[in-house]
Amino acid sequence: MQSPRTLVESVERHPALPSGPEERFAGYGVMGVPFSSGYILALRHFPASSVGPGYNSVWIRDPAGVWTMHSTAAPGSSCPRYFGSALGSASTGGISIRWRNDYSFSVEVGDGVDLSWDVTLAATPITRLMSAVAGSVPERLWRNRTFLRAMGAVAGPVLGAGHIGLTGRVPNGQTFGARPRQLWFVRESTAHLRGHNLGQESAQPVQDRLGDFWIPQRGIFMIGSSVFEPFDPATHLPAEH
């Protein structure tokens with residue numbers, strides 16, 4: 001299996017959206033890393049989007065359970081489009097992602113957020129197996145919500161990550177489907193927010209979620225795509241309130 005950096009560079013050069021009428025995104029991300037301080041960090045990098053320019057987004061949950069999202073694109077064309085009603089706040093500003101080697105990268109968020117986050121990935125027999133299974137799934141099954149529910153139910157215990165939801169409904173009301181193609185564990189993660197060390201990676205006492213999107217209880221990095229029901233102002237909440 002190729003290194004995550006090599007595969008990410010390929011995605012950057014040739015970003016390809018899944019076909020279909022849904023709102024679609026392709027790229028990679030850290031699904032979530034829980035820290036012993038009670039914070040959770042997550043990352044999305046989508047070089048391809050059907051609703052606007054590609055973007056980066058960093059999600060932060062504080063120990064009180066309040067989520068904020070910081071994106072390089074406006075809320076209406078980035079993650080708050082789907083999760084805004086569950087957030088304490090959302091902002092737009094600069095986010096840099098710098099790969100240090102084949103398995104490690106750093107994330108920096110400025111503009112008043114002041115986050116420095118280092119991530120090191122690892123391939124294991126379990127992640128190689130899950131990547132091989134996910135990579136062999138035909139397109140028609142990725143569109144089958146029964147299959148996605150079953151795959152999520154199996155993946156959570158196998159990965160030791162708690163509950164994983166690959167389909168369901170996000171806080172703003174749209175249905176979604178996640179399509180992981182390759183994955184790795186986060187082997188090591190350190191972060192400083194406004195000068196404070198967030199501690200070691202540690203499962204939360206109660207697993208958190210945003211709608212039906214569950215935050216894994218261990219750090220997982222994925223390359224893949226996601227699709228969402230097209231926004232309908234009559235039934236879905238706006239990105240900002």
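Here, each number is a calculation from the coordinates, and none is a lab measurement. Predicted model, so just to flag it, every value in this text is computed and none were measured. Don't worry about glycine lacking a Cβ; one is built from the backbone with ideal geometry, like all the others, and counts go over all protein chains shown.
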Interchain or long-range residues, amide H under 5 Å from W214's placed H: G165
Taking amide H atoms as placed 1.01 Å from N in the peptide plane, list the residues 5 or more away in sequence, or in a different chain, whose amide H sits under 5 Å from that of R187. T120, L121, A122
Once the Cβ-Cβ distance between S37 and S89 is put in as r, and R0 is 22 Å, what FRET efficiency do you end up with, to the nearest 0.05? 0.65
Over the stretch 92-202, equivalent-ellipsoid semi-axes from the Cα gyration tensor in Å: 30, 19, 14
Report the extension gain between W99 and T124 in nm, rounded to one decimal, defined as 0.36 nm multiplied by the number of residues separating them, less their alpha carbon distance. 7.0 nm
Suppose R0 equals 22 Å; then what is the FRET efficiency for R5 and E108 from their Cβ-Cβ distance, rounded to the nearest 0.05? 0.80
Charge tally in the Cβ shell below 14 Å around A90, where Lys, Arg are +1 and Asp, Glu are -1, A90 excluded: +1
If you take every DSSP beta bridge whose two residues both sit in the stretch 1-146, what share of them, in percent to the nearest 5, is antiparallel? 90
HN-Hα J couplings of the stretch 215-230 from phi, Karplus 6.51/-1.76/1.60, θ = phi - 60°, integer Hz, Gly and Pro as x? 8, x, 7, 8, x, 9, 10, 10, 10, x, 8, 9, 10, 10, 4, x
What full-extension length gain, to one decimal in nm, is calculated for S116 and E139 as 0.36 nm per residue of separation minus the Cα-Cα distance? 4.6 nm
Relative to the present Cα-Cα distance, how much length would full extension add between Q200 and T235 at 0.36 nm per residue of separation? 8.6 nm
If you project the alpha carbons of the stretch 1-134 onto their three principal axes, what span does each projection cover, largest first, in Å? 40, 39, 25
3J(HN,Hα) from dihedral phi, the stretch 111-120, Karplus parametrisation 6.51/-1.76/1.60, rounded to Hz, x for glycine, proline: 6, x, 7, 6, 10, 10, 9, 10, 10, 10
